[in-house]
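A short reminder: the numbers here are calculations on the coordinates, not readings from a lab. Just so it is clear, the model here is predicted, and its values are computed rather than measured. All Cβ positions, even for glycine, are placed from backbone atoms using ideal geometry, and neighbour counts span all protein chains on display.
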Amino acid sequence: MILFVASRGDVAGINIARKLVEVFGFKEDKKILGFPTYTKDLRGGEEAKLIIIEDETVMMQKIPPISELRMIIFISKHSSRSGTPTLSVHTPGNIGEAHLGGEPRKVSISPASAMKAALIEMRAARDEMGLPYEVSYECTHHGPSLDVPAMFVELGSTPEQWGDGRAAEAVARGAFAAAENKITYPAALGIGGQHYNEKFTRIALTSEVAFGHMIPKHALHEVNEYIIRHCIERTVERVDKIFLDWKGIKGGDKGPLMEIIKRVGLSVEKV
């Protein structure tokens, strides 16, 4: 079962949820823990449920009691100082301290192939509708830190975009593609660069590689061997390679990082 989650107080999340109902035919169902709930049968017969919670999605550390839960897809707003219109996807969890939900130094399990499917579909929707939006991975950040595969599909980055119905439809298409994805891609861990990593996004959109967790350069002071192994182990697919945004790593961090990666034993590609 796939669980879609939106927050009542999140304008973008509600708009995306509305598009799931309008475009993909989610039907109102009995409530779960008092939350408004909608249901849809996916391709292959798997069930999907959409719930509207009261709290912020980043704070949903406790999962509703749903049997056979395979993945959680959070649909939400995205905020940034730049205000760049963006359709994005990432896994939640904290590389370091828990400043916005979740648990310290614990990441959720990353569904790399599902995230790649969302990325591909959002780019297709963006191009078909002529939307002036960037399509991008974000690095792993904020809560919750869950023991089931979890991902955020987001619409950003200001109230103007949060209320954009056509962009909300593009995000809904990405989220639904993630839920129905049946392709398993070779997975990788990405390290270095900015929070929105253009290089990792481009690789995912032009090759078979799917990124799970991504660690930006500003978080590398939090990284040790435990965190690297933790991000690798908490990916649905087997991670066989680490991609390094080499120019996006500070000189002083490169030596210690390479020593850690050598001990981990995976192949490395500098991009």
Lone unmet requirement of (1) touching a residue at least 60 places away in the same chain (Cβ under 8 Å); (2) in a helix (DSSP H, G or I); (3) surrounded by 24 or more Cβ atoms within 10 Å (Cβ to Cβ) for Met214: (2)
Long-range neighbours under 9 Å by Cβ, at least six apart or interchain, first residue more than 14 Å from Ala150 (Cβ to Cβ) within segment 1-14, second of a type in the set (A, V, I, L, M, F, W, C) and in a loop (DSSP other than H, G, I, E, B): Ser7/Met60
Residue, nearest to the chain's Cα centre (by Cα), within segment 59-87, restricted to residues that are aliphatic (A, V, I, L, M) and in a strand (DSSP E or B): Ile73
Complete set of residues in segment 229-269 that are of a type in the set (S, T, N, Q) and either exposed (fewer than 12 other Cβ atoms within 10 Å of the Cβ) or assigned to a helix (DSSP H, G or I) (or both): Ser267
Scope segment 15-72; condition hydroxyl-bearing (Ser, Thr, Tyr) and either surrounded by 13 or more Cβ atoms within 10 Å (Cβ to Cβ) or in contact with a Leu (Cβ under 6 Å, 6 or more places away or on another chain) (or both); matching residues: Thr37, Tyr38, Thr39, Thr57
Residue count for segment 111-130, restricted to those that are surrounded by fewer than 24 Cβ atoms within 10 Å (Cβ to Cβ) and assigned to a helix (DSSP H, G or I): 9
Options Glu121, Glu97, Glu138, Glu128: the member that is in contact with a strand residue (DSSP E or B) (Cβ under 9 Å, 6 or more places away or on another chain) and acidic (Asp, Glu): Glu138
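Could you tell me whether segment 24-41 includes any residue that is within 18 Å of the chain's Cα centre (by Cα), in contact (Cβ under 8 Å) with a residue 40 or more places away in the chain and outside any loop (DSSP other than H, G, I, E, B)?
No, segment 24-41 has no match at all.
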